Amino acid sequence: MLALGIALALGNLLSFSALLVSGADISSATAAPSASTVTTCGAHPTSASKAPAGAAVVDLTNSTTGAFSSLTAGLASLPSDSSCQTIFIMPGTYVEQVTVNRPGQTVIIGYTTEDPGRGYSGNQVTVSYSRGLSVSPLPAGHSDSETAVISTASSNIAFYNVDFINTDNLNGTIANYVTLAGSTYGNHIGFYGCSLIGWQDTLLTGSTNGYQYYESCYIEGAIDFIWGYSAAYFKGCTIAAKRKSSCITAHSRKDATGIGVYVFDQCLVTAAAGYASTLKSGVYLGRPYSAYAKVVYKNSYLDSIIQPIGWKNWSATDPRIDHITFAEFNNAGPGDWQNNAAARRSFGHATLLTSDDYPLSAVMDSTSWIDSTYSNSISVPAGLSALQTRDPSSTNLSDLSFPMVSTAGSSEADSTVPADGDYIVSKSPIKGKTVYSSFTEVIAAIQSISSKQVVTVFIYPGVYQEQIVFNRSGTTVFRGYSEDPSNYAQNQVILQNSHGVDTQADQSNSDSATLYSRAQYLQLYNINLNNIFGQAHNYASLGFASGHNGYTSFYGCQITGNQDTFDLNKGTSVFATNTLVQGSIDFIWGAGSAYFLNSTLVPNTNGGSIAAMKRASSTDPAGLVFDQCTVSSAQNVGAGSIYLGRPYNNYSRVVYINTYLDNSISPAGWSVWSKTNPQIDGVLFGEYHNRGPGATTSKRATFSQQLSDADAVQFQLANFFANQGTSWINMTYVKTTPFSVGSI
C-alpha cells in the first residue's frame, strides 16, 4: 500500500535486518522434554505450557530433546500433505521471518501458563524481525508483504499466544516506510491471544476471498495499520494507535460483490503505551483503500484518541467514497458516535446502525473453523487504559489480588507476586494497585527515593520495547515474574531494544545498550535484556552496559546482542549466576571486573572472541572469571572458529575455570588483538581444570597458560572481589558453590 507521504518525526530507533535467532540456533539439547498433553490437532489446546502429543517442538535453549532451534526449521520439518500438524514453541525471542505454507491444517502454539488463546498479556514467545521497505515510490519487483515477520500462504492456520513484532522503524523515524508484522493470505486464518506490532501497515489481510478471525489479540501501529482485502472479524481485541492524523484501517474491495469487510466487535480502541498525550482526538477509525471499502465497529470502546469526525477520505484529490460502508453500532467511550454526533454526520458517508447487521455468522462463510472456546465470555478489554473490569472468570491481571510476601531475611522472594511495598510494572491494570506500564515510567517514579532505601520493582510478563539508562544511588532490585526462577529459559519479562552504534564513529558503544546501568547497586532477577539490532559490520549492539563504578548482579537472566553484547566500563563490578550471554564479536568486554558462575556463553558467529578485556596495569583488579560455565555455540558456528578471548590491551586478564568448552573453541584457544598490534605483553589468559572437546590444551597459544593451584587462588570469588567485597551479592540465590582450589 502506498504511503501517505507525511514526514514522521518520532523517536530515534535504529534497526537492522537480523537473521539470527536470539539465543537460538543452539544445538539440540539432551534434557528430557516435559510430558506432553493430549490435544486433537485442530481442537482447542488443553494447555500451552506443555507440548501436545505429536507436536514439533521449537526451543532456543538446550532443554528439549529433538527440538528445532527456530520456527522456520520446525515448519520445514512438517510433511507437505493434507494432515493436521502442530508446532509448539518454548519461551524465548526468535529473530526470523517466517512463512507458513503447507496443504494441511497447521496449528502454532506459543508457550504460556495461562489459558491458551484467552489473552496476550502472559505470552512468553516472541517472533521478531527488523525489515522495512520504502514505498515512496514502491520499488519495481517489491511488495509490502516481503517485510512481514509472519506470512501465511496457505489455508487453515491457527496461532495461539505468539507475539509478532517488526522492530524496524518501530517509532516512525523513517517516513513512507512500511514494516509489516503480519501478511495473511489464504483462507480460515485464526489468531488467538497474539500480538502484532509494527508502525506502518502492521497487519495485511491479503486474500480477496479469504476469511480471518482475531480473538483477544493486541494490534499496534501508526498508519493504516490494519489493511487489505479480506473478511476479518476482530473480537475482544486491543487496537493501539501511535500516530496522530492517521487511520487505523484501510480496507478495499473490488466491487460490491466482494466478501471483504472488517468488523471490530467488543474491542478497545486506544493509544499505544506512551502515545496517549499526543493522540487526543487525532486518530481516524479508517479510510477507504478502494471505493467499496467496508468497515464496522460495534460493541466497542472508542477512547478519546478518536477524531470526532471518525472517518476520513483516502485523500483530498482521490476520496474513494462512492460506495463505501463505514458503520458503527452500540459503541461506548469519548470517541463513539453518540458523543460526537454532529461531527460524525458531517463526514456524510458513515452510518450509525440501529441493529447489529454484522454478526459473526453473517460475516464468515462458516464458523466451524473458529475456536469459540472463550468467545461467549469475552468483554471489552480493560487494556491499556483501565477502562473496564474483565469478566470475573477472566485471567486479566485487573481481577487478581496479591498476598503480602516478605523479602526480609535469607528466604527467596515469591517470583510470581509482588511483595508489599514493591513498585509494580504491568501491561495491564491491577485492581487496587498503583501500576506503571513501562520500565521508563517506574524509573521516573523511584529516581528521587532516598539512597538509604532499598527499592524493589516487580515486573509482570511482557515484551517491553524500551531503551533504558538507569542512574540511582542506593540499592535497586528489578524482579521479573517467573514461575521457575531457577530456569532462565522460562523467563517471561523481556526488555528489548533495536539500536546499533557505529564503532568507527565518535560514539560510545554504551549508547546502544538496552539497559545502561549507572546505578550504585543494581540486582536483576529473571529478566531478559535483548538487543535485536543485528550484525551490521562494525556496529555494536549491546544488551547491557555498566558504568559509574556501579555494582550489578544478575540471577537467572539472559543478555543477548551481537558485537559487544555485555560492556563493563572501568571501575564497575558485576556478578552473574545462572545467566545466559549471547553475542558475536568480543561480546563480553571492557575494563571492569566480572565473575560469571554456572552461566552459559553463546557465540553466534564464526571467527569471534568471547572476551576482550583491558586493565590499566598488572595490579588493576579488573578482569573476567568464568567459573563452572558452559560454552554452547549457536548451531551455525563451525568447529574451532571461536576464541576464548583476545587482549583489549597488554594487561588483559581472563580465566576459565572448571568450564565446559564445546567444539567451537579454536585449538589455539586465544587470539592476539590483531596481527599488527598483538597486545600480548603482560596478559593473563588462564585455564584451570576445564573439560569438553574445546578444552584440549596441546595447541594452545603460547601467551596463555594452564593455571596451577597457586595461580588459581587469586580467582576464588572472595579473592577476586577482595577490593569490592561480596556483600552486594545476594548469596541466597547462588545455588552453585564457587570453586575453591583443591576441590575440583
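Please treat every number below as a calculation from the coordinates, not as lab data. On a predicted model such as this, the values are computed, not experimentally measured, just so you know. Positions of Cβ are backbone-derived with ideal geometry, glycine not excepted, and every protein chain shown enters the neighbour counts.
Which of the peptides 185-195, 339-349 is most tightly packed, and how do the rest follow, judged by the mean count of other Cβ atoms within 10 Å per residue?
On the way: 185-195: 24.5, 339-349: 14.2.
Per-residue Cβ counts within 10 Å, averaged per peptide and sorted highest first, yield 185-195, 339-349.
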Given 705-711, 453-459, the highest-first ranking by average Cβ count within 10 Å works out to 453-459, 705-711
Please give the Cα centre distance for segment 679-705 versus segment 584-630, rounded to the nearest Å. 14
So what J values fall out for segment 272-284 if you push phi through Karplus, 6.51 cos²θ - 1.76 cosθ + 1.60 with θ = phi - 60°, rounded to Hz, Gly and Pro as x? 5, 3, x, 10, 4, 5, 9, 10, 3, 6, x, 10, 9
Across 20 Å bins beginning at 0, the whole-percent shares of Cα-Cα pair distances in segment 56-377 come to 34, 58, 8, 0
For every helix of n ≥ 4 consecutive DSSP H residues, a contribution of -39,500 (n - 2.57) applies; sum these over the chain, divide by its total residues, and give [θ] at 222 nm rounded to the nearest 500 deg cm²/dmol. -1000 deg cm²/dmol
Amide hydrogen neighbours beyond the local backbone of GLN200, cut-off 5 Å, H modeled: THR179, ALA222, ILE223
Ordered by residue, what ³J(HN,Hα) values in Hz, to whole numbers, does segment 638-643 give under the Karplus form 6.51 cos²θ - 1.76 cosθ + 1.60, where θ = phi - 60° and Gly and Pro are x? x, 5, x, 9, 10, 9
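Which whole-number percent is the relative contact order of segment 591-734 (Cα, under 8 Å, 6+ apart)? Don't skip to the end; give the middle numbers.
On the way: 327 pairs, mean separation 29.9, N = 144.
Once divided by the residue count of segment 591-734, the mean separation gives 21 percent.
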Rounded to the nearest Å, the spacing of the alpha-carbon centers of segment 61-108 and segment 205-230 is 23
Pairs beyond 24 Å (Cα-Cα), from LYS452/LYS614; LYS244/LYS294; LYS298/LYS431; LYS244/LYS427; LYS235/LYS294: LYS452/LYS614; LYS298/LYS431
With the chain reduced to its Cα atoms and the Debye formula applied, log10 I(q)/I(0) at q = 0.05, 0.10 1/Å amounts to -0.25, -0.97
Ratio for segment 61-193, C-alpha Rg to 2.2 N^0.38 Å, reads 1.10
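Dipole size in debye (nearest 20) for the chain around its Cα centre, Lys and Arg Cβ +1, Asp and Glu Cβ -1?
On the way: 36 positive and 48 negative charges, 152 e Å.
The calculation lands at about 720 debye.
Before anything else, pin down the relative contact order of segment 65-113: Cα pairs under 8 Å, at least 6 apart, normalised by residue count, whole percent.
Details: 56 pairs, mean separation 21.0, N = 49.
Taking the mean separation of contacting Cα pairs over the length of segment 65-113, I get 43 percent.
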Quick one: divide the alpha-carbon radius of gyration of segment 591-734 by 2.2 N^0.38 Å and tell me what you get. 1.01
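Can you tell me, using C-alpha contacts under 8 Å and at least 6 residues apart, the relative contact order of the chain as a whole percent?
Details: 2288 pairs, mean separation 52.1, N = 744.
About 7 percent, as a whole number.
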Using the beta-carbon distance between ASN650 and SER727 and R0 = 41 Å, what value does 1/(1 + (r/R0)^6) give for FRET efficiency, to the nearest 0.05? 0.80
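Mind giving me the FRET efficiency for HIS349 and LYS254? R0 is 30 Å, r the Cβ-Cβ distance, nearest 0.05 is fine. If you can, show how the numbers build up before the last one.
Working: r = 19 Å, r/R0 = 0.63.
Once the sixth-power term is evaluated, E becomes 0.95.
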